[in-house]
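This report concerns only the one structure given below.
Nothing in this text is a laboratory measurement; each read-out follows from the coordinates by a stated rule. As the structure is a computational prediction, the values presented were derived from the model and not from experiment. Neighbour counts are summed over all protein chains in view; Cβ atoms, including those assigned to glycine, are modelled from backbone coordinates with ideal geometry.
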Protein chains: 2
Amino acid sequence: MSEEVTAEACPLVEVLDHVAGKWSISILVAAARGPVRFTELERSIEGISRRMLTLNLRKLERDGLLTRTVHPTVPPKVEYDLTAMARELYSSLTGLMEWAERHRGAITRARAAYDATASAEPSGQPSPQPVH
Amino acid sequence: MSEEVTAEACPLVEVLDHVAGKWSISILVAAARGPVRFTELERSIEGISRRMLTLNLRKLERDGLLTRTVHPTVPPKVEYDLTAMARELYSSLTGLMEWAERHRGAITRARAAYDATASAEPSGQPSPQPVH
DNA sequence: CGGTATCCATAAGGATACTG
DNA sequence: CAGTATCCTTATGGATACCG
C-alpha cells in the first residue's frame, strides 16, 4: 500500500518537473500571447538572465510545450509560441491560480502565526526579527 | 504591457513555490489519507531522507497546508494532516494530473524527437547515446 | 539578434550520527 | 519515535564576455 502513494503522485510530480523552476511558468505566460521573440521574452520577464531564459526555452521546447521558429534572415529572427498541449496545460493552471488567489491571505497569515509562535517559544519575549 | 506578464504569472508562481521542490507533492499526497505519523511518511515516500522530510513538513506547516499534532506520550506520537485549504489545493491539482496523463506519451515522444534531431545535426550520423 | 561559454555564489539535497 | 545537527555533494541560478 505504501508504494502506491508514490505511484499516485507520479504524474503530478512529472508535470511539475516540466513546469517547475523559477521561470518556466513566467515563460509560458509570456509566450502565450502568440509568437514572441527572444528579446521580447527577455524584456517582459523581469529579472531573468539570458542564460536562464535560454535554458528554460530549450527545456520547454524539448518537452513539446514550445515551438521555436527560426527565420533565416539577417539579423536573425526567432519566434517562440505555445503548442496546443501547452495551451491546454495553461488552462489547467487556471484552477491553481484561483486557489492561490483565494488563499493568498490565509497563507500569509498562517506564516505570520507560525513565525510568531516559533520565535516566541524559545525565549520569554517573542523576538522581533522575522525568522527569514 | 510587459510588466503585466510577471503580474499575471505571480499568484501561480507563488502557489508553485509553496508546492515546489522534489518532495512537497508526495508529502501532500501521503498525508491526504488522514492523520499520518512521521515514520509512516518516511516509509511511504520512497527515497526521502529524514532531513528533507522534516524540512518539507515544516515548510508546509508554516504555509498552513499541514497540521502537526503532538501527543505528549512516551514514546512521542506526532500526527500530520492536511488542512481544508490543502485539500482544496489537492483537488485543483487533479486537473494537472489529468493533463499529465493525457499528454505523457506526447511528451516522451517530443523529447525523443528533440534529442534525435539535436544529436543528428552536429555530426553526419546521429550519435547513439541520448543527450541525457 | 539570439544565443554560447565561462566563472562563481548560493541553495537544495543526501547520509547519518546523535538526542530528549 | 520524532526529530536535530553536521558534513558533504550536486544542482540551480546570476553576471557577463564573446560570437556567428
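Between amide H atoms placed 1.01 Å from N, distances below 5 Å from B:Leu66 occur with B:Glu61, B:Thr83, all of them 5 or more places distant or on a separate chain.
Inter-chain Cβ neighbour count for A:13-25, averaged per residue, equals 5 (cutoff 10 Å, partner chain atoms only). Evaluating 6.51 cos²θ - 1.76 cosθ + 1.60 at θ = phi - 60° for every residue in the range B:64-71, the Karplus couplings come out as x, 9, 9, 9, 10, 10, 9, 9 Hz, glycine and proline recorded as x.
Projected area of the range A:48-96, taken from the Cα convex hull and averaged over every viewing direction, in nm²? Present the calculation step by step, with values, prior to reporting the outcome.
On the way: hull surface 17.4 nm².
Mean projected area of the Cα convex hull: 4.3 nm².
The Cβ shell under 12 Å around A:Leu66 holds other residues with a net charge of +1, Lys and Arg each +1, Asp and Glu each -1.
All C-alpha to C-alpha distances of the range B:3-120, sorted into 5 Å bins beginning at zero, yield P(r) values of 2, 9, 16, 17, 15, 13, 10, 7, 4, 3, 1, 1, 0 percent in whole numbers. Taking 13 Å as the cut-off, the amide N atoms of the range A:48-62 that come nearer than this to a point 7 Å along the Cα-to-beta-carbon line of A:Val78 belong to A:50-62. Spacing of the modelled spin labels on B:Ala106 and A:Arg43, each 7 Å from Cα toward Cβ, amounts to 3.2 nm.
Backbone geometry of the range A:88-99 corresponds, through the Karplus equation with coefficients 6.51, -1.76 and 1.60 at θ = phi - 60°, to 3J(HN,Hα) couplings of 4, 4, 4, 6, 5, 5, 4, x, 5, 4, 5, 4 Hz, x marking Gly and Pro.
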